[in-house]
Amino acid sequence: MPRIHFAPSGVNPPHTHPRATEILTKLLQKGDVFVFPVNLIHFQRNTGYGNAVAIAALSSQNPGVITISNAVFGSNSAIANDLLANSFQADTKTIDWIKSKF
């Protein structure tokens, strides 16, 4: 059962769990709970000015995690720049720059 600590403006980047559903609780209003079905791309962000803590539970001991940016821009079998440029409405120079970060 993960306990996630977020600094102010902290982010858990867009990701998915290929083998599990995730349930996450963070007290915004009494009883607030979020459910992310298997393979749904999701993220969390602390929009507050102080530290935040969230508790998550996953429906598998081995849920897996795929970080979307790594899968798209850091893939070993690279996705063609023209395809990414078209998909993200960017030029290939921008795609090269993003890929250089991975």
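The values are calculated or read from the model by the stated rules, or taken from the named source; none is laboratory data. If you're wondering where the values come from, they're calculated on a predicted model, not measured in any experiment. Here the Cβ positions follow ideal geometry from the backbone for every residue, glycine too, while neighbour counts run over all protein chains shown.
Overview of results
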{"read-out": "Filtered residues of the stretch 48-91 (kept if more than 16 Å from the chain's Cα centre (by Cα), part of a helix (DSSP H, G or I) and touching a residue at least 12 places away in the same chain (Cβ under 8 Å))", "value": "Asn81, Leu84"}
{"read-out": "Hits in the stretch 41-62 (condition: surrounded by 12 or more Cβ atoms within 10 Å (Cβ to Cβ) and among the small types (Gly, Ala, Ser))", "value": "Gly48, Ala52, Ala54, Ala56, Ala57, Ser59, Ser60"}
{"read-out": "Count of the stretch 29-40 residues which are surrounded by 13 or more Cβ atoms within 10 Å (Cβ to Cβ) and more than 18 Å from Met1 (Cα to Cα)", "value": "1"}
{"read-out": "Some residue of the stretch 2-14 being among the aliphatic types (A, V, I, L, M), within 17 Å of Gly64 (Cα to Cα), assigned to a loop (DSSP other than H, G, I, E, B) and at pLDDT 90 or above", "value": "no"}
{"read-out": "Count of residues meeting criterion [modelled with pLDDT of 95 or more and loosely packed, with under 11 Cβ neighbours inside 10 Å] in the stretch 63-81", "value": "0"}
{"read-out": "Top-ranked residue in the stretch 8-28 [being over 15 Å from Ala57 (Cβ atoms) and β-branched (Val, Ile, Thr); ranked as surrounded by the most Cβ atoms within 10 Å (Cβ to Cβ)]", "value": "Thr16"}
